Amino acid sequence: MRWILVICLLLAGLSARAEMQVPTSQIEIQTGFVPVVKKVSPAVVNIYARRVVSVQSPFSSDPFFQDLFRDFGTPRQRVQNSLGSGVILGKDGIVVSNYHVVGEATDIRVVLNDRREFSAKVLLADEESDLAILQMEDARDMPALTLRDSDTVQVGELVLALGNPFGVGQTVSSGIVSGLARSGTATGNARGYFIQTDAPINPGNSGGALVDVNGSLIGINTSILSRSGGSNGIGFAIPSRLVSQFVAQARDGKSAFERPWAGMDGQPVTADMAEGLGLSAPGGVVISQLHPASSFLEAGYQPGDVITAVEGHAVNTPAEMIFRMSVTGIGAEARIAHVRNGEAGEATVRLIAAPDVPPRGQRTTGRDAAIPGMVLSTVNPAVIGEYGLPLTAQGVVVDDPGQIGLRAGLRAGDILRGINDVTVESATEAEAALEEARRHLFLDVQRGTQRMTMRFRL
């Protein structure tokens, strides 16, 4: 009965992808996924990563106890080890894995299924997408998987998940695609966008392959939804279309992933909002605010417009919109469908990187400043994108508060709007104001959407 169900599912997927092969004999049914596993497993690797971290005394940053415990709790070096999986995507040894496996590692070893070992280095890593591209050293003629366009994947397709769960060795599990366009669920990141599967995924599977019945890669396993820490049948994979963009940028020499900048704030359209926006049913993303440098503003968009599709693909959340823009790529012109006052339309929008204008002019305060050792940058669209600041943000952002700034309560990402009741609009102005402060220091600080005033006696 079980195999009859398998055959039915394969037949259902045939209409979506004509090259899928359906078992035609008793022998093929008995061997199940053996041919697929033999094809895929050589390109799925185990990754052993480690990094050295400094462990400081819990009193080191406390303004009261730091002097009392000055000679105690000196920083110690500790090695952190992580175990995960990866997938070879090029005969030259290009490997994709998760950021949380290798992103900050100082030593990375890649172990193939045939027990060969290679050192590897990170070419490109992005914490937000939880992806990293590695290059194996002295690797030639490596087994590699082919990428299938994840936009062709349908709910109900049979899939296999390969990885190294719990460090027991390469393991294969099977299931189906149980959901698409899952955003924000897997990692808590509002910009996440995932393929959902019920194929068992456990710790150590991170960075492993999610493949279809032909052995083509459709996603990179990244996380599970679980209360116990084990697989409960809800796993998430990063779609192959985004993976292909990462590989392309890594091969172009990029060390950080560059994604298009919309320069807008928006929210999903709910049932309560739909009628007022001229929609027959809830769907799309309504624009609430546009930055003056936004290419969407340049294309004629305005607050109140509802974005319904990017390049022909429906979008219902900001995460879906960011994903569609990311897989289209910077420099391209995207077709953006919208509804304005109940009328549907379409416009072409240039996909650009966040402008680094005016120049951020990063400065580090000197020894004579009221708060020395603090790194500051002028707020511009690029800085807004990096820190996720409000589109209306102005002033000077704190890149690094330094030891004294940290003790004073400042954090990276804080915006200095004014110093000693004087508005500051650039890092140079902020640096000068901090050097001129003498008896007292008043800081007008914006943290997220909150404003606060910090007062210090010098």
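The values are calculated or read from the model by the stated rules, or taken from the named source; none is laboratory data. No experiment lies behind these values; they were computed from the predicted model shown. Reconstructed Cβ throughout: ideal geometry from the backbone, glycine too, with neighbour counts over all protein chains shown. Only protein heavy atoms, including side chains, enter the accessible area calculation; ligands, DNA and RNA are left aside. Shrake-Rupley method; radii C 1.70, N 1.55, O 1.52, S 1.80 Å.
Going by average Cβ neighbours within 10 Å, how do the peptides 296-308, 128-140, 337-349 rank, with the highest at the top?
On the way: 296-308: 17.8, 128-140: 20.9, 337-349: 14.6.
Highest to lowest by the protection proxy: 128-140, 296-308, 337-349.
If region 341-458 were replaced by its equivalent ellipsoid, with semi-axes equal to the square roots of 5 times the Cα gyration tensor eigenvalues, what would those be, largest first, whole Å?
Rounded to whole Å, the semi-axes are 32, 15, 12.
State the Cα centre-to-centre distance between region 276-306 and region 98-176 in whole Å.
About 38 Å separates the Cα centre of region 276-306 from the one of region 98-176.
Sort Arg50, Arg360, Arg455, Arg439 by heavy-atom solvent-accessible area, probe 1.4 angstrom, most to least.
Per-residue accessible area, sorted high to low, gives Arg439, Arg455, Arg50, Arg360.
Please list 3J(HN,Hα) in residue order for region 397-408, calculated via the Karplus relation 6.51 cos²θ - 1.76 cosθ + 1.60 where θ = phi - 60°; whole Hz, with x for glycine and proline.
9, 8, 6, 8, x, x, 5, 6, x, 5, 5, 6
List the residues whose amide H sits under 5 Å from the amide H of Leu131, counting only those 5 or more places along or on another chain, with H placed 1.01 Å from N in the peptide plane.
Here Tyr99, Asp126 satisfy the definition.
Considering only the other residues whose Cβ falls under 10 Å of the Cβ of Gly405, what net charge follows from Lys and Arg at +1 and Asp and Glu at -1?
Residues close to Gly405 contribute a combined charge of 0.
Taking amide H positions as placed in the peptide plane 1.01 Å from N, state which residues far from Val315 in sequence (5 or more) or on other chains have amide H under 5 Å from it.
Ala309, Val310
Using alpha-carbon pairs under 8 Å, 6+ residues apart, how would you state the relative contact order of region 261-386 in percent?
Reported relative contact order: 21 percent.
Taking θ = phi - 60°, what integer Hz values does the Karplus form 6.51 cos²θ - 1.76 cosθ + 1.60 yield along region 433-440, in sequence order, with x for Gly and Pro?
Each residue's phi maps through the Karplus curve to give 5, 5, 6, 7, 5, 10, 7, 9 Hz.
Relative to the present Cα-Cα distance, how much length would full extension add between Arg407 and Phe442 at 0.36 nm per residue of separation?
On the way: separation 35, 0.36 × 35 = 12.60 nm, distance 1.56 nm.
Contour length minus Cα-Cα distance gives 11.0 nm.
Apply the Karplus parameterisation 6.51 cos²θ - 1.76 cosθ + 1.60, with θ equal to phi minus 60°, to every residue of region 195-210 and state each ³J(HN,Hα) to the nearest whole Hz, in sequence, with x for glycine and proline.
Using θ = phi - 60°, the values come out as 9, 9, 9, 9, 4, x, 10, 10, x, x, 6, 4, x, x, 9, 10 Hz.
For Thr453 and Asp141, what is the calculated FRET efficiency with R₀ set at 60 Å and r taken between the beta-carbons, to the nearest 0.05?
Given R0 = 60 Å and the Cβ-Cβ separation, E is 0.40.
Rounded, prolate or oblate for region 274-337? Axes are the square roots of the Cα gyration tensor eigenvalues, ordered a ≥ b ≥ c, and the cut-off for rounded is a/c under 1.5.
Numbers: a/c = 2.10, a/b = 1.28, b/c = 1.65.
In terms of gyration-tensor shape, oblate.
Just to make sure I understand: if all protein chains stay in place, what is the order of His291, His440 by accessible area at 1.4 Å, largest first?
My answer, sorted largest first, is His440, His291.
Given the Cα-Cα distance of Glu311 and Asp151 and 0.36 nm per residue of separation, how much length would full extension add, in nm?
Net length gain for the segment: 56.4 nm.
Obtain the nm distance between the two label points defined at Ala256 and Asn214 by a simple spin-label model: each point lies 7 Å from its Cα along the Cα-to-C-beta direction.
About 3.8 nm, to one decimal.
Could you list which residues have their amide H under 5 Å from that of Val422, counting only those 5 or more apart in sequence or on another chain, with H placed in the peptide plane?
none
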